[in-house]
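This is the structure, below, for whatever I ask next.
The values are calculated or read from the model by the stated rules, or taken from the named source; none is laboratory data. Remember, it's a predicted structure, so these values are computed and weren't measured experimentally. Quick reminder, even Gly has a Cβ in these numbers, built from the backbone with ideal geometry, and neighbours come from all protein chains shown. For accessibility, only protein heavy atoms count, side chains too; no ligands or nucleic acids. Shrake-Rupley method; radii C 1.70, N 1.55, O 1.52, S 1.80 Å.
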Amino acid sequence: LMLLKIGDKREFKSCLFPTAGGPHAQLAARVLNNLSKDLDLKVTTTHVVPQNPSAEQKQQAEKYIDFTLGFMQEASGVEKKLIESRSVAGGIARSSRDYDLVVIGAAREPLFQKILFGEIPERVARFSPTTVLVVKKYEGVVKSLLKKIFG
């Protein structure tokens, strides 16, 4: 399932791809792999870390990015970037101003924080001035129901 919020720009040359390594980010990486080839996109994969992150936090962020990039074998020229921010959604939305497109996987959040795509992607789409594509993987009825019940 994909949701597209259309921004001001109609031509896509650069893309911000935030990731926390989840299953929806993996699907977003596969979608972006194809988009980047078709549109000749310059992709920047990113992870949000706290302001003044520790070496361990930076290392963990790099692991999330590298894991997700494993699903983008065909994309070329992908850059990595850490965003320092107090708020994940705010950091992504602020950084998105420098890009034409944001591709983000839906969040894995507990039932009460999630309606369809999750709080973080929804806030990014709401506050980002650029076009945002939110991607969500179908999980099946049983798994989806269990996640809704147990978070």
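Could you list, in sequence order, all residues of the stretch 126-143 that are open to solvent by less than 90 Å² (accessible area, probe 1.4 Å) and either at pLDDT 90 or above or among the aromatic types (Phe, Trp, Tyr) (or both)?
The answer is Ser128, Pro129, Thr130, Thr131, Val132, Leu133, Val134, Val135.
Taking the condition of being within 19 Å of Arg123 (Cβ to Cβ), out of contact with any helix residue (DSSP H, G or I) (no Cβ under 7 Å at 6 or more places or on another chain) and surrounded by 13 or more Cβ atoms within 10 Å (Cβ to Cβ), how many residues in the stretch 5-14 meet it?
Matching residues across the stretch 5-14 total 1.
Now, a different point. Check the stretch 51-59 and report whether any residue there is at pLDDT 90 or above, open to solvent by 10 Å² or more (accessible area, probe 1.4 Å) and under 21 Å from Leu3 (Cα atoms).
no
Moving on. Exactly one of (1) modelled with pLDDT of 90 or more; (2) open to solvent by 20 Å² or more (accessible area, probe 1.4 Å) is unmet by Ile104. Its number?
Going through (1) modelled with pLDDT of 90 or more; (2) open to solvent by 20 Å² or more (accessible area, probe 1.4 Å) one by one, Ile104 breaks only (2).
With the requirement that a residue be open to solvent by 10 Å² or more (accessible area, probe 1.4 Å) and either β-branched (Val, Ile, Thr) or at pLDDT 90 or above (or both), what does the stretch 31-40 give you?
Val31
Yes/no matrix, rows are residues, columns are (1) of a type in the set (A, V, I, L, M, F, W, C); (2) assigned to a helix (DSSP H, G or I):
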{"residue": "Ala25", "(1), (2)": "yes, yes"}
{"residue": "His47", "(1), (2)": "no, no"}
{"residue": "Gln51", "(1), (2)": "no, no"}
{"residue": "Lys58", "(1), (2)": "no, yes"}
